[in-house]
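One structure is given here, and the rest of the page talks about it.
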Amino acid sequence: MELNYSGRNITISDRFREYVDEKITKVDQLATKVQRIDVKVVKETHARNQSTALSVELTVVGRGPAIRAEARGADKFAAFDVAFAKLLERLRKARDKRKVHRGNHAPVAVHEATSALPVVPTDKSLVEETLAAQAAAEAAEAEENAEYSPVVIRRKSFPAEVMSVDDAVDRMELVGHPFYLFIDEATGEHAVVYGRTQYQYGVITLDASLSAESESTVETRGYRDKAMATEG
């Protein structure tokens, strides 16, 4: 398994590499055929709040879809601990889904499926403090800049992938995004899937035949043998 480090506006120290190297081996217990793990550390040089000036992004790349987690903190060690905890949880979910799909068995509770795994040796109080500081800083910054911040638009391009709605939901959960853009294999249309509530998802598509005052809504159930709603 290859481990790649990259830093922006910051130098990746040997101490941080050793810290990550020691913990990252737990990924092998939850994921198979991992080709590499990318560790990206970014420091915002003009951050208004230093408690969220550093971000750590972890990406697991293998034969399947990439799994990603990101967190901010006052230092890269605290940010890594939070991001790593998120990554392990997403890896557990992905592993549990693979078991259900292959064996057609009833889903196993996460606490049962992972009870034999070692607990991640993170400083719980540090993680909690980092999460609380991150939330408070983001709220304060949003309030402070509500009237004065310029509008920033970030544009990204991704490969156009054809997949089912179920697979799009899986991809969205693995990268931790609130939505996922894809081409629906059932209709050939570009679509966006998004999370509504627990086990409820929405799918949005564009239909040129509809007028601006009208919309079409269809609700279905049955995602991965669970009662999940899909809304157009």
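The values are calculated or read from the model by the stated rules, or taken from the named source; none is laboratory data. Here the structure is a predicted model, which means the values were calculated and not measured. In this analysis, Cβ positions are derived from the backbone assuming ideal geometry, glycine residues included, and neighbour counts consider all displayed protein chains. Heavy atoms of the whole protein, side chains included, go into the accessibility calculation; ligands, DNA and RNA do not. Shrake-Rupley method; radii C 1.70, N 1.55, O 1.52, S 1.80 Å.
Worth a mention:
- Accessible surface ranking that places the most exposed of Tyr5, Tyr201 first, with a 1.4 angstrom probe: Tyr5, Tyr201
- Whole-percent carbon and sulfur share, accessible surface of the range 1-90, 1.4 Å: 42
- Going by accessible surface with a 1.4 Å probe and the largest first, His46, His190 read His46, His190.
- Karplus 3J(HN,Hα) series, Hz, for the range 39-56 with 6.51 cos²θ - 1.76 cosθ + 1.60 (x for Gly, Pro): 10, 10, 10, 10, 10, 7, 5, 10, 5, 6, 10, 6, 5, 10, 6, 10, 10, 10
- Solvent exposure, largest accessible area first (probe 1.4 Å, DNA, RNA and ligands not counted), of Met1, Met163: Met1, Met163
- Of Lys40/Lys156; Lys26/Lys93; Lys93/Lys156, those spanning more than 24 Å from alpha-carbon to alpha-carbon: Lys93/Lys156
- Charge dipole magnitude, Cβ of K and R +1, D and E -1 - the range 1-107, Cα centre, debye nearest 20: 580
- Solvent exposure of the range 1-81, expressed per residue, is 52 Å² of accessible area, with all protein chains present and a 1.4 angstrom probe.
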